[in-house]
Every structure is written in C-alpha cells, then in structure tokens.
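Data block below; observations after.
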Amino acid sequence: MAKHFTTEESPLKARPPKPYKEFPLSPHKGGAWCKKIKGKIHYFGRWGQRVNGQMERLPGDGWKEALEEYLSQVDDLRAGRRPRVTLDQLTVKDLCNEFLTAKHLRLETGKLSRRSWDELDQTARRLVGWLGRRTSVDDLRPQDFAKIGAELARYSPNRQTNEIGRIKQIFKYASENRLVEKPVIYGSEFKPPSKAEKRKYKSKGGKRLFTGVEIRQLLSTASPPIKAAILMGINAGLGNTDVADLEFQHLDLEFEHVDHDRGWLDYPRGKTGTERRCPLWPETVEALQAAIAERPEPLLKADAEVVLLTAQRQRLVRDTEHSRTDSVSVVFGKLLRKLEINGRDGLGFYSLRHTFATIGLQTGDRDAVKALMGHIEQDMLATYDETGPSDERRRAVTEYVHDWLFNEDIS
C-alpha cells in the first residue's frame, strides 16, 4: 500500500530550495544535488544525509561544494568525456589567459598588430569552449584535438590552417614558459589541410581573380577614395589594412622624369615589416591626388597623416578592443553587387592582391613580384641581400600588369 505524506512529512518539503534563482543544480530526493546533462542525471555533492532513516539537511545545504564540483566537470560531461580535472593543475582557461596577457603586452609595445591580437583572442575563446575552461592541460589527449579538427572541417582550408597554427602557438607558449611539465601531444589527426586538399577546394570554389574588364568597371563606378584604394590594390598588391593605414610619408607623387611619368610607393608591409617599394601608374597617382583633394579633416589626431578617409572622417579599417570595422570590404562588396560581379566564392577586395600576383608572375620575375608584395624571402641568401630586385625589374612587372589591365585586347 502506497504511503501518503502530509505537507509536513513530504520528502519534497525536506529538500532545500535553490540558494539563488540561477543556481544550476536541483536537490535530489536521495540527498545529492543533481543535473541532467546529455539525457543522463549526474550528481554533485550532497545537501542531506539519512539519520535513523530520515533525511536531514546538512549545514549550509552543501551547495557551494556541489557547485564547485559541478563546474569542474560540466564541460567534460557536455562534451561526452569522462571528467578528468585536477584543480591544482594548469587549466585551459588559465593558459589562454596567460597567453593573451603576454600577447597584449606585445600589442601595447607595437610588436603585434591589433588584428593579429584579435585573431589570437578569438581563437583562445573558441579553444576554451571546445576543451572546457577547467580542463587540465596535462590531461589533454589526441582525441580532444581530433574533435577540434572535426569542428574546424567546416571552414575553408586556409582558415583551418590559420586556426590550427594559432592553437599550437598557445600550447607552444605553455611549453616554452614551463607552464607544463611536458609538451602537448596533438596526435595524427590534428594537422592543417594538405596542399592537395587546398587545390581541390580552390578548384571547386573558382579562382579569386578579377578580369581586366571587371576592374575597369569597378574603377568607373567607385568614389575617389575607393578608386584610389582599388588602384593601389592592383598596381601594388595592397590589401584592406594596407590602404587604410597608408600615410603621406609612404608616397612620392611627384613625377620622377619624362620617361617614367609616375610616383613611388615606399611602404613597409605592416604584417612582416618587410620593405615594399613600388612604382605607381599615372592613373594611380591621379586617383590618389583626387582623393587627397577632397579628403576631409580627420576626426582623430591619430589619423592626421592617413591618406584615405571615409566620409565620416575616419580611416577605412578601424580596430578597437572589441570590434573591427572594415569600410573597404563593405563599400567594395556593395560595388561588386551593384555591378553583378560577385558570384564567385571568396571574391573581395583582397582578390586584387591575388590578381596582381597572378598577372605579375607571368613576367617570369618571381623575386620582383615577391619584393613588390612585401613577401619574406625564405632562403639564406636573402639574409645577405641588402638591395633586392632593382627598380627597373619592379617597373617591368607593374608595367606588364598595367598593360594587362588597360589593354582591351589582352583583358
């Protein structure tokens, strides 16, 4: 016969209330705090114990201890792993915090760009989400990284490569700074896509290149600042941040001499600091002069020397502590849609740089193209080369790209 309880006798009455509204655990009738995770009930600590057959509440209901135990295990349980946290060991969250603190110091001293720091910060946040903030770094296994690899598989090969590189950078920091006793073992499945995989992806998505006709259409429609930016992209291989950070000191727009009626760009690449010197076409010089003629007074003193500004008097790409505003991509994307030339995957302003390199390489002077784009030489001889390709070689490449762009027969 079922036993009936009065209100005073009810087992539910004996259970403690949650200490606060958002408390994640519930009191189980057996005396433990509990939580249903992935369809299974898990128990953490105790709120009561049986005395002479009766459940009695413990002092303080044990909720603080239960909460600490829950937080130490919940990430593993949600990920379908057996909890394996040791609280006195370095956790994934602590490692990421230490790593980002060190990198932020480099940001403050100008040794790291804001964009690079933002990318590291975002990767670290994703890593904590994937592995669990309280997971011990010493307890990480190849299976954990295989799961991350599976998560990354939805991205493009280039993004996978960059993300894996940043993740390994975080754990390399732990090893180099003696935060862990032994290096993390990633296993055989956590590696960037192969060259073959990248080629397959690239062929599937189409080439991220513009035709000469498309670029001329863009130039005929763009506003003066964006027209100048487009020409800097196809004339000198500048990317979004390059054109946004371009300063007057980087430009010599005076005509050099009668035979070569153009100016020069002397602009170290921000990403690598590599010297980058490029002759400018007359069309580029004219577009820059037009943009400068109607350039508004900058909103910020820090932008006083910036060449190209938005109508809102700000630089074209702006990074803050919490966000990134890329007016180059936004305005350029609108142009592509307006002209109906945005049907290919990955096509954007940076594709001008791809196009410049692709056409420039047809001259056969690979070293001159690399110098124009600010790429780092990888061989030992580059250490001793204080000059790089001559101005004549650089000019030959840019003239070839110029002819390709403005010669109707070639384009």
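Quote to one decimal, in nm, the extra length available between ASP266 and ASP138 on full extension: 0.36 nm per residue of separation minus the C-alpha distance between them.
Working: separation 128, 0.36 × 128 = 46.08 nm, distance 4.81 nm.
Net length gain for the segment: 41.3 nm.
D for the range 11-78, whole µm²/s, Stokes-Einstein with Kirkwood Rh over alpha-carbon pairs at 20 °C and 1.002 mPa s: what number? Intermediate results must be reported in sequence, preceding the final value.
Details: Rh = 12.3 Å.
Answer, rounded: 175 µm²/s.
Can you check what the net charge comes to around ARG295, using other residues whose Cβ is under 14 Å from the Cβ of ARG295 (Lys, Arg +1; Asp, Glu -1)? Intermediate values should be presented prior to the final figure.
On the way: positive: LYS227, ARG313, ARG315; negative: GLU247, GLU294, GLU297, ASP303, GLU305.
Value of the local net charge: -2.
Once phi is turned into θ = phi - 60°, what whole-Hz ³J(HN,Hα) does the Karplus curve with 6.51, -1.76 and 1.60 give for every residue of the range 359-364, x standing for Gly and Pro?
Each residue's phi maps through the Karplus curve to give 6, x, 5, 5, 6, x Hz.
Could you give each residue of the range 116-126 its phi-based ³J(HN,Hα) in whole Hz, using Karplus coefficients 6.51, -1.76, 1.60 with θ = phi - 60°, and x for Gly or Pro?
Coupling constants for the range 116-126: 5, 5, 4, 5, 5, 4, 5, 4, 4, 5, 5 Hz.
Using the beta-carbon distance between VAL213 and ARG125 and R0 = 41 Å, what value does 1/(1 + (r/R0)^6) give for FRET efficiency, to the nearest 0.05?
Given R0 = 41 Å and the Cβ-Cβ separation, E is 0.45.
Relative to a virtual label point 7 Å from the Cα of GLU247 in the Cα→beta-carbon direction, which members of the range 281-318 show backbone nitrogen distances below 12 Å?
Those under the cut-off are 302-307.
Once phi is turned into θ = phi - 60°, what whole-Hz ³J(HN,Hα) does the Karplus curve with 6.51, -1.76 and 1.60 give for every residue of the range 294-301, x standing for Gly and Pro?
Once θ is set to phi - 60°, the couplings for the range 294-301 become 10, 5, x, 5, x, 5, 10, 4 Hz.
Tell me which lysines have Cα within less than 29 Å of LYS18's Cα, excluding those fewer than 8 residues away on the same chain?
LYS3, LYS29, LYS35, LYS36, LYS38, LYS40, LYS64, LYS93
Provide the gained length on full extension for the span VAL51 to THR221, in nm with one decimal, where the gain is 0.36 nm per separating residue minus the Cα-Cα distance.
Numbers: separation 170, 0.36 × 170 = 61.20 nm, distance 8.39 nm.
Here the segment from VAL51 to THR221 would lengthen by 52.8 nm.
Pairs to check: LYS168/LYS195; LYS103/LYS198; LYS227/LYS334; LYS301/LYS370. Give those whose C-alpha atoms are more than 22 Å from each other in this structure.
Values: LYS168/LYS195 20 Å; LYS103/LYS198 30 Å; LYS227/LYS334 14 Å; LYS301/LYS370 34 Å.
Beyond 22 Å between Cα atoms: LYS103/LYS198; LYS301/LYS370.
Pick out, in residue order, every one of the trypsin sites (Lys or Arg not before Pro) in the range 139-201 that is DSSP loop and has at most 12 other C-beta atoms within 10 Å; say none if there are none. Mind showing how you got there, number by number?
Numbers: sites: LYS147, ARG154, ARG159, ARG166, LYS168, LYS172, ARG178, LYS195, LYS198, ARG199, LYS200; in loops: ARG154, ARG178.
When the trypsin sites (Lys or Arg not before Pro) of the range 139-201 are filtered for loop state and at most 12 Cβ neighbours within 10 Å, ARG154, ARG178 remain.
Please report the net charge: other residues with Cβ closer than 15 Å to the Cβ of ARG178, K and R +1, D and E -1. Walk me through the numbers on the way to the answer.
Details: positive: LYS172, LYS182; negative: ASP94, GLU98, ASP138, GLU176, GLU181.
Overall, the nearby charge balance is -3.
Work out the FRET efficiency for GLN312 and GLU189 from their Cβ-Cβ distance, taking R0 = 56 Å, and round it to the nearest 0.05.
Efficiency computed from Cβ-Cβ geometry: 0.75.
Quick query: amide H of CYS34 versus all other amide H atoms, modeled in the peptide plane; which residues come in under 5 Å with a sequence gap of 5 or more or a different chain?
SER26, HIS28, PHE44
Rounded, prolate or oblate: pick one for the range 41-195, where a ≥ b ≥ c are the square roots of the eigenvalues of its C-alpha gyration tensor, a/c under 1.5 means rounded, and failing that, prolate if a/b is larger than b/c, else oblate. Present the calculation step by step, with values, prior to reporting the outcome.
Numbers: a/c = 2.75, a/b = 1.97, b/c = 1.40.
Verdict is prolate for the range 41-195.
As an exercise, use a Förster radius of 45 Å and the Cβ-Cβ distance of GLU98 and THR274 to find the FRET efficiency, rounded to the nearest 0.05.
For GLU98 and THR274, the calculated efficiency is 0.90.
Given the Cα-Cα distance of LEU71 and LYS40 and 0.36 nm per residue of separation, how much length would full extension add, in nm?
Taking 0.36 nm per residue and subtracting the Cα distance, the gain is 9.5 nm.
Going by amide H atoms built from the backbone, whose H comes under 5 Å of the H on THR91, apart from near neighbours?
Answer set, sorted by chain and number: VAL137.
Values quoted throughout were computed directly from the atomic coordinates according to the rules given, and no laboratory measurement underlies them. Keep in mind that this is a model prediction, so the values were computed, not measured. Please note: Cβ atoms are built from the backbone with ideal geometry, for glycine as well, and neighbour counts cover all protein chains shown.
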